[in-house]
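Worksheet for the structure shown next.
The values are calculated or read from the model by the stated rules, or taken from the named source; none is laboratory data. Keep in mind it's a predicted model, so treat the numbers as computed, not measured. Positions of Cβ are generated from backbone atoms using ideal geometry, with glycine treated the same way; all protein chains shown enter the neighbour counts.
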Amino acid sequence: MTKTPQFGISFSFQAHRELGEPYDRAYREGIELAAEANRLGFHSVWASEHHGETDGYCPSPVVACAALAVAAPGCRIGQAVALAPLHGHPLRLAEDLAVLDNLSGGRVEIGLGQGYRPAEFEMFGWSYAKRTSAFEESLDILSLAWTGERFDYDGRVFTVVDGLLRPPPVTPGRLPLWIGAAAPKARARAVKHRAGFLVAPLIELEHLVRQLRSFDEEVARQNAGPLPRALMREIFVGDSPADAIRRRQRFIDEVYRVQYKPERVGLSYTDRVTGERRPLTSDNAYFMSEGFMQDRWFLGTPADIAGKIVDWQPRLDVDHIIFQPRPPGMSLRQAVGELEVIAKEVIPVVKRSLTSLSA
């Protein structure tokens, strides 16, 4: 039976400095857009995290989520993802998340990762080499804190003595947990902690299917039962794929040629001639071409977008599709207009089509 995914939006709150966008505008208009998403019936709103970026990429997703929770009272509120080792002691992070959960009335989804940029760890005087140990211990401590009982913990990185989380989450027990898990070891870690699999936007859809299959195999190996999956993608609306790209080009380049340039994130691709996985570089003609985008994202007319999601969902079987409605520099008017098109002309078609497939 094919699932019908829920749709959510995400914010990095980046400002396009070359276009003269002030930092506060990115936050102010992001909050306004979250309110529009709430009005249009979107399921969730997420915030992501990086540090020391010239575009002001959100360094404090928990704080941002508190504002989003007020702006979008009908939506689930999550981090996609928060970099757990950079939040200090995990019990302090547990407290921040518990307060957020209480402020939102129990609507919080926790998305966590270990980080991959050495410079961010250097800023805080953290050892990049210890980030995996710190992340794993953070997950252990969060799980113990969410029981609501007193606990001790003696790890290699963190210690807790007579720890107690107050207030506890609104609903007793652990908060819904998601982990970014591109590597096999990371997927095994996610399954161990019974976390959902959160997939970033840069993996090709075909390669993503293999990762999801690997995740399912790990779930079966650990006898973990079904675990949810969330797919982060770009959705570009236009009169055609080329028009959709044209409308977003100067905004999206700031994201993928600067913030997520291939050399920075270690991006690879499948060579269509040899079938081999190769490192991708910014000067490769394939990078940010229409073919690159079609291999990963949903773009074109509302019918194009809905049709592609419906075609792929039986293979992806994801519970959530999350997209960025406002890249750096885009006007609030354009972002609201595209969000309305997706809410009124894409999502209903996807739901009807997938319901029909499952009937």
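Could you list all residues from the stretch 162-204 that are aliphatic (A, V, I, L, M) and farther than 20 Å from Gln222 by Cβ? Listed by number, the residues that qualify are Leu164, Leu165, Val170, Leu175, Ala200, Leu202, Ile203.
Selection within the stretch 114-143: residues that are of a type in the set (A, V, I, L, M) and closer than 14 Å to Ala94 by Cα. The member of this set that is surrounded by the most Cβ atoms within 10 Å (Cβ to Cβ) is Ile141. Under 6 Å by Cβ, and 6 or more places apart or on different chains, what pairs join a residue from the stretch 1-20 that is at positive phi with one that is among the aliphatic types (A, V, I, L, M) and crowded, with 16+ Cβ neighbours inside 10 Å? Sorted first by the residue in the stretch 1-20, then by its partner, the pairs are Phe13/Ala26.
Has the stretch 167-186 got at least one residue that is in contact with a Phe, Trp or Tyr (Cβ under 6 Å, 6 or more places away or on another chain), closer than 20 Å to Ser48 by Cα and surrounded by 14 or more Cβ atoms within 10 Å (Cβ to Cβ)? Within the stretch 167-186 (the criterion being in contact with a Phe, Trp or Tyr (Cβ under 6 Å, 6 or more places away or on another chain), closer than 20 Å to Ser48 by Cα and surrounded by 14 or more Cβ atoms within 10 Å (Cβ to Cβ)), the answer is yes, since at least one residue qualifies. Evaluate the stretch 91-107: report whether one residue or more is under 22 Å from Arg229 (Cα atoms) and either surrounded by fewer than 21 Cβ atoms within 10 Å (Cβ to Cβ) or modelled with pLDDT under 95 (or both). Yes: the stretch 91-107 contains one or more residues that are under 22 Å from Arg229 (Cα atoms) and either surrounded by fewer than 21 Cβ atoms within 10 Å (Cβ to Cβ) or modelled with pLDDT under 95 (or both). When the stretch 208-253 is filtered for residues that are within 18 Å of the chain's Cα centre (by Cα) and either surrounded by fewer than 13 Cβ atoms within 10 Å (Cβ to Cβ) or assigned to a helix (DSSP H, G or I) (or both), the ones remaining, listed by number, are Leu208, Val209, Gln211, Leu212, Phe215, Ile252. Annotation: of all residues in the stretch 218-272 being among the small types (Gly, Ala, Ser) and at pLDDT 95 or above, the one that is nearest to Ala80 (Cα to Cα) is Ala230. Which residue out of Ala15, Ala26, Ala64, Ala69 is within 22 Å of Gly329 (Cα to Cα), under 17 Å from the mean Cα position of the chain (by Cα) and small (Gly, Ala, Ser)? Going through Ala15, Ala26, Ala64, Ala69 in turn, the sole match is Ala64.
The set of residues from the stretch 79-104 being farther than 21 Å from Thr159 by Cα and out of contact with any helix residue (DSSP H, G or I) (no Cβ under 7 Å at 6 or more places or on another chain) comprises Ala80, Val81, Val99, Asp101, Asn102. Give the residues of the stretch 324-359 that are of a type in the set (S, T, N, Q) and not in a helix (DSSP H, G or I), sorted by residue number. Matches in the stretch 324-359: Gln324, Ser331.
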